[in-house]
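Have a look at the structure below, then the notes.
The values are calculated or read from the model by the stated rules, or taken from the named source; none is laboratory data. Because the structure is predicted, anything quoted here is derived from the model rather than measured. Positions of Cβ are backbone-derived with ideal geometry, glycine not excepted, and every protein chain shown enters the neighbour counts. Surface areas here come from the heavy atoms of the whole protein model, side chains and all, with no ligands, DNA or RNA. Shrake-Rupley method; radii C 1.70, N 1.55, O 1.52, S 1.80 Å.
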Protein chains: 2
Amino acid sequence: MWLNDTSDLVAALKLRGAQKVALQFPEGLKRQAAAYATALKSAGFDVLVSGDPCYGACDLALDTLALADVLVHFGHAPVDERQNVIFEPSRVDLAPAVLENALPFLHGENVCLVTTIQHVHRIPEMDAFLTSKGITVHVGDGSTRTPYRGQVLGCSFNAAKVPGAGTVLFVGTGLFHAIGIAIATRARVIALDPLTGIAQEVSGDTLLRRRFAVMEKARGAQSVGIIVSTKSGQQRLALAHYLRSLSPRATIITMREVSPDELLNLGFDCYVNTACPRLAYDDQVRFPVPVLSPQEFEIVCGVRTWDDYTIDEIP
Amino acid sequence: MWLNDTSDLVAALKLRGAQKVALQFPEGLKRQAAAYATALKSAGFDVLVSGDPCYGACDLALDTLALADVLVHFGHAPVDERQNVIFEPSRVDLAPAVLENALPFLHGENVCLVTTIQHVHRIPEMDAFLTSKGITVHVGDGSTRTPYRGQVLGCSFNAAKVPGAGTVLFVGTGLFHAIGIAIATRARVIALDPLTGIAQEVSGDTLLRRRFAVMEKARGAQSVGIIVSTKSGQQRLALAHYLRSLSPRATIITMREVSPDELLNLGFDCYVNTACPRLAYDDQVRFPVPVLSPQEFEIVCGVRTWDDYTIDEIP
């Protein structure tokens, strides 16, 4: 089915005069690589596939692009401006009527509607559906990192920050985005999974309790590794330098993949994560020692109050 | 103990006018990172530590060097010429008398003596010890990849290729180097572990039987991924292009870490490894499908005979 689309891609590549084409797929789409490579080879291109892990447009295969004329990045919208990269977001369709399941939670309020890149093309239909039910719908502007109106990422909730909308409706799979929005906006958040149709109210409380426990555990650390990502859209070196300045025990560590094995091998008592914000929140259970967010490290160092806890976003 | 040496390193860094210093350690030395970082910070440098996996000088942290003036790479000798990299090989001492344990295997023959970087500083004493026992010792020249006389790597056995030496004595831990030398040179190979004192004759037969079974399994593959490393000293793109030309079913895949998960996600029926040669030989049991060496793929494609099987080396 996907391969129906290669004619547009071939045209775009020819327009750019590309001969050597690098392809990059996120984990869920990697199985498409062989078919795409075959189709583009048949169209006359010299094809390379990036085989490294990929979880977002923050993780462009620039090392593979260095061997090619153009990189085609599948599955995500751009998070920054890039030359010689074609983004091919993956659309997953949904029937706007699935929003019916969220209505019992919305009470005719002002509602801010957000979703992820897979469904963002359906924002107008979802907006129309909710409006037809008497709801005042707000669709927030994106940002550099989220170019589409109403789009959120796990590290950027800008489109959810609409003044006056007391409830945010997040349409998408998983609960991380919804929990992040709850903490970032302090609004009431309803999550609707468009595949299962399950709607639920989401709170940040459980995550916050876990994070406060992790911070407490980090308090006695004799050595602190400040993790800086070498991925294109996750590298926050200035932030890392600022965080290092908060403690004489801190050392900056560069990493591509933040893996439990490497954290164990390096042997620091605690880490602060300036790479993908989700790593600290989602993967703490896999890590051998506390991995704090930048804001959590500020609290541990006494330069931010506990009441000012917020979730880490990449601006 | 290690930290006794920082005064020389500090002097070398000052001589280069370095201010920002990146440090890279192989897995077995990573625990030294915090102590080294602290020592160099005290000496006035701005320090970054590379936290990515590292198994050799073929895997330089050039992305971390891009954020610094100089990279200090610990534990290995250089495999290629590099600007702005200081190599600090790790020496592990041994008592030449441990070679006594190998004597029953040597029969007063012409012996080619080789070892790994950790012990290469002891080549003269080992040579003298064997000579005092009436053995004619040959110490082969290195190569670009193995700059020291008598030094071998898991991907470069040049120093073991001495005409007229019917027996090769490998002094080092593990059996991979010795097995590789046996296949590469077809000489009799004795391996001596200087830590345990165990000496043994080593043959390539078991590895060869396993590899021929893997090749047979790869024969029906409908899709073939030709793996090209993005690591500095492992990238053999021209070889990959040649290998791709042998099969219309082959696609070039770039990878930094060749991991079982990524091979599974990509879903090719078989892979050909042009990255670190040891991956195919050592890690096949971890991989979901056959991972062939370049020479094995040539045999499967019918452009090399089974009798011409040889082990993969990076020249």
Problem - Scope region A:1-22; condition of a type in the set (A, V, I, L, M) and more than 9 Å from every other protein chain (Cβ to nearest Cβ); matching residues - result: A:M1, A:L3, A:L9, A:V10, A:A11, A:A12, A:L13, A:L15, A:A18, A:V21
Handout entry: Residue among A:S223, A:S232 that is modelled with pLDDT of 95 or more and of a type in the set (G, A, S)
Key = A:S223
Completion exercise
Residues in region A:225-244 that are more than 9 Å from chain B (Cβ to nearest Cβ), hydrophobic (A, V, I, L, M, F, W, C) and open to solvent by 10 Å² or more (accessible area, probe 1.4 Å) total 2
Exercise for the section: Looking only at region B:199-211, decide whether some residue is modelled with pLDDT of 95 or more, within 11 Å of chain A (Cβ to nearest Cβ) and closer than 21 Å to B:G302 by Cβ. Expected result: no
Fill in the blank from the handout: Considering residues that are more than 10 Å from every other protein chain (Cβ to nearest Cβ) and either open to solvent by less than 50 Å² (accessible area, probe 1.4 Å) or under 24 Å from the mean Cα position of the chain (by Cα) (or both), the number found within region A:212-224 is 5
Exercise for the section: Determine whether B:V258 is within 12 Å of another protein chain (Cβ to nearest Cβ), in contact with a strand residue (DSSP E or B) (Cβ under 7 Å, 6 or more places away or on another chain) and open to solvent by 10 Å² or more (accessible area, probe 1.4 Å). Expected result: yes
Handout entry: Within region B:66-79, considering residues that are small (G, A, S) and either in a strand (DSSP E or B) or at pLDDT 95 or above (or both), the one most open to solvent (accessible area, probe 1.4 Å)
Key = B:A66
Exercise for the section: Determine whether B:L113 is in contact (Cβ under 8 Å) with a residue 12 or more places away in the chain, within 20 Å of B:L153 (Cβ to Cβ) and touching a helix residue (DSSP H, G or I) at 6+ places or on another chain (Cβ under 9 Å). Expected result: yes
Exercise for the section: Within region A:17-38, track down each residue that is at pLDDT 95 or above and over 20 Å from A:D63 (Cβ atoms). Expected result: A:G17
Exercise for the section: Can you confirm whether region B:290-309 contains a residue that is in a strand (DSSP E or B), in contact (Cβ under 8 Å) with a residue 24 or more places away in the chain, buried (at least 20 other Cβ atoms within 10 Å of the Cβ) and hydrophobic (A, V, I, L, M, F, W, C)? Expected result: yes
Exercise for the section: Output the number of the condition that A:V92 fails; it satisfies all remaining conditions of (1) among the β-branched types (V, I, T); (2) outside any helix (DSSP H, G or I); (3) surrounded by 18 or more Cβ atoms within 10 Å (Cβ to Cβ); (4) more than 11 Å from chain B (Cβ to nearest Cβ). Expected result: (3)
Completion exercise
If we keep only residues of region A:27-65 that are part of a loop (DSSP other than H, G, I, E, B), more than 7 Å from chain B (Cβ to nearest Cβ) and out of contact with any strand residue (DSSP E or B) (no Cβ under 9 Å at 6 or more places or on another chain), then the residue most open to solvent (accessible area, probe 1.4 Å) is A:Y55
Problem - Long-range neighbours under 8 Å by Cβ, at least six apart or interchain, first residue farther than 18 Å from A:A22 by Cβ within region B:244-265, second surrounded by fewer than 18 Cβ atoms within 10 Å (Cβ to Cβ) and polar (S, T, N, Q) - result: B:R249/B:Q222
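Yes or no, residue by residue, for (1) touching a residue at least 60 places away in the same chain (Cβ under 8 Å); (2) crowded, with 23+ Cβ neighbours inside 10 Å; (3) under 20 Å from A:A97 (Cβ atoms):
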{"position": "A:I117", "(1), (2), (3)": "no, yes, no"}
{"position": "A:P124", "(1), (2), (3)": "no, no, yes"}
{"position": "A:G134", "(1), (2), (3)": "no, no, yes"}
{"position": "A:H138", "(1), (2), (3)": "no, no, no"}
{"position": "A:G150", "(1), (2), (3)": "no, yes, yes"}
{"position": "A:P163", "(1), (2), (3)": "no, no, no"}
Problem - Subset of region A:95-108 (residues that are farther than 11 Å from A:P194 by Cα and open to solvent by 60 Å² or more (accessible area, probe 1.4 Å)) - result: A:P104, A:H107
Handout entry: A:R82, sole failed condition from (1) part of a loop (DSSP other than H, G, I, E, B); (2) open to solvent by less than 60 Å² (accessible area, probe 1.4 Å); (3) farther than 30 Å from A:T167 by Cβ
Key = (2)
Practice task
Return a yes/no flag: does region B:263-282 have any residue that is of a type in the set (F, W, Y), part of a strand (DSSP E or B) and either open to solvent by less than 40 Å² (accessible area, probe 1.4 Å) or more than 12 Å from every other protein chain (Cβ to nearest Cβ) (or both).
Solution key: yes
Practice task
Determine whether region B:235-243 contains at least one residue that is outside any loop (DSSP other than H, G, I, E, B), among the aromatic types (F, W, Y) and in contact with a Ser or Thr (Cβ under 9 Å, 6 or more places away or on another chain).
Solution key: no
